[in-house]
1. Does the stretch 26-33 contain any residue that is at pLDDT 95 or above and at positive phi?
2. Considering only the stretch 1-54, state which residues are assigned to a strand (DSSP E or B) and either of a type in the set (Asp, Glu) or farther than 22 Å from Gln65 by Cβ (or both).
3. Keeping to the stretch 1-48, report how many residues are surrounded by fewer than 10 Cβ atoms within 10 Å (Cβ to Cβ) and under 12 Å from Leu63 (Cα atoms).
4. Among what's in the stretch 55-72 and is modelled with pLDDT under 95 and hydrophobic (A, V, I, L, M, F, W, C), pick the residue that is farthest from Leu13 (Cα to Cα).
5. Of all residues in the stretch 19-59, count the ones that are touching a strand residue (DSSP E or B) at 6+ places or on another chain (Cβ under 7 Å), closer than 12 Å to His4 by Cβ and not charged (D, E, K, R).
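The values are calculated or read from the model by the stated rules, or taken from the named source; none is laboratory data. In this text the structure is predicted, and so the values were computed from the model without any measurement. Reconstructed Cβ throughout: ideal geometry from the backbone, glycine too, with neighbour counts over all protein chains shown.
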Amino acid sequence: MAQHLHIVFGGELVSPSGTVFKDPDSIHIVGIFADRTEAYDAWKTEAQRTVDNAHMRYFVGDLQQLMDASNAAPDAQD
């Protein structure tokens with residue numbers, strides 16, 4: 001089975017319509033997951049847990065994309 005890593009994280013936003021965190025030091029890292037389905041399930045649990053706070057938002061990030069992009073980037077030390 002192929003691995004495609006995802007991260008789930010969230011916290012309180014400055015504005016419910018934006019994506020700027022009020023306090024980046026307090027971002028809640030839910031976890032890193034081996035596939036999108038597991039990440040979605042974790043995201044849904046946290047989103048439902050905080051549904052009463054309009055400023056709280058959780059995100060699913062595609063770590064595999066970041067890892068692939070960093071492997072494709074030229075080495076800055078060359």
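1. Looking through the stretch 26-33, at least one residue is at pLDDT 95 or above and at positive phi.
2. Glu12, Leu13
3. Number satisfying all stated conditions: 1.
4. Checking each candidate, the answer is Ala72.
5. Result for the stretch 19-59: 3.
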